[in-house]
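First the structure, in the form of structure tokens, and then the observations on it.
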Amino acid sequence: MKNEVTEPRTETLHMAIIRLNRIHRKRRHEEFIKVGLTEGQPKILDFLLQNDGCIQRELAESCHIEPATVTSILASMEKAELIRREADPKDRRVLRVFLTDKGRDSQKKVEKLFDALDEECFAGFSEEEKRQAINILSRLHNNMTNREGKDV
């Protein structure tokens, strides 16, 4: 008797999220390369636009990136002249991170890139459908976040 092959379940939330994440990540990566950025840099550029001069620890915590990873990303960003790090005048052991003009220009490119990706994702959606989709995704995230720390 021959074993029957069972197709994987494709129409589930899990699979929809995986498919969307995979193609979104691929498209982001392609666009980041065009503007000379790596995967972790846009998040840091966005954060620094609103929090210029923050310390590295704040950057790591707020962007949910390990401190060692932030140090590595910042080193490459400093080499590319997107940021500069300066010792805090009150505590020379603390480094503050600032955007350079080149970093601000790159952040503007990232903002346009994400706007274009949003337009691509929401092609054919009404404004109401866009709001609903974002609301649903936020609620899903909140449900999962609220579950963290509870016994599974």
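The values are calculated or read from the model by the stated rules, or taken from the named source; none is laboratory data. Note that the structure is predicted; figures quoted are calculated from it, not measured. FYI the Cβ positions are ideal-geometry reconstructions off the backbone, even for glycines, and counts take in every protein chain you see. Please note that ligands, DNA and RNA were not included when accessible areas were found on the heavy atoms of the full protein model with its side chains. Shrake-Rupley method; radii C 1.70, N 1.55, O 1.52, S 1.80 Å.
Annotations
- Test result for residue 81, touching a helix residue (DSSP H, G or I) at 6+ places or on another chain (Cβ under 6 Å) and open to solvent by 70 Å² or more (accessible area, probe 1.4 Å): yes
- Scanning the stretch 59-70 for residues that are surrounded by fewer than 14 Cβ atoms within 10 Å (Cβ to Cβ) and either within 15 Å of the chain's Cα centre (by Cα) or not aliphatic (A, V, I, L, M) (or both) yields 61, 64, 66, 67, 69.
- The single condition among (1) at pLDDT 95 or above; (2) more than 16 Å from the chain's Cα centre (by Cα); (3) surrounded by 12 or more Cβ atoms within 10 Å (Cβ to Cβ) that residue 45 does not meet is (2).
- Counting only residues that are of a type in the set (A, V, I, L, M) and touching a residue at least 40 places away in the same chain (Cβ under 8 Å), the stretch 65-115 holds 7 of them.
- Residue 11 being loosely packed, with under 14 Cβ neighbours inside 10 Å, acidic (Asp, Glu) and in a helix (DSSP H, G or I): no
- Counting only helices (runs of 4 or more DSSP H) that fall entirely inside the stretch 47-144 and contain at least 3 residues that are under 23 Å from residue 26 (Cβ atoms) and among the charged types (D, E, K, R), the qualifying elements are 101-121.
- Only residues that are within 13 Å of residue 55 (Cα to Cα) and open to solvent by 30 Å² or more (accessible area, probe 1.4 Å) were counted across the stretch 84-114, and they come to 13.
- Taken as a whole, the condition of being surrounded by 14 or more Cβ atoms within 10 Å (Cβ to Cβ), out of contact with any Leu (no Cβ under 6 Å at 6 or more places or on another chain) and not in a helix (DSSP H, G or I) applies to residue 37.
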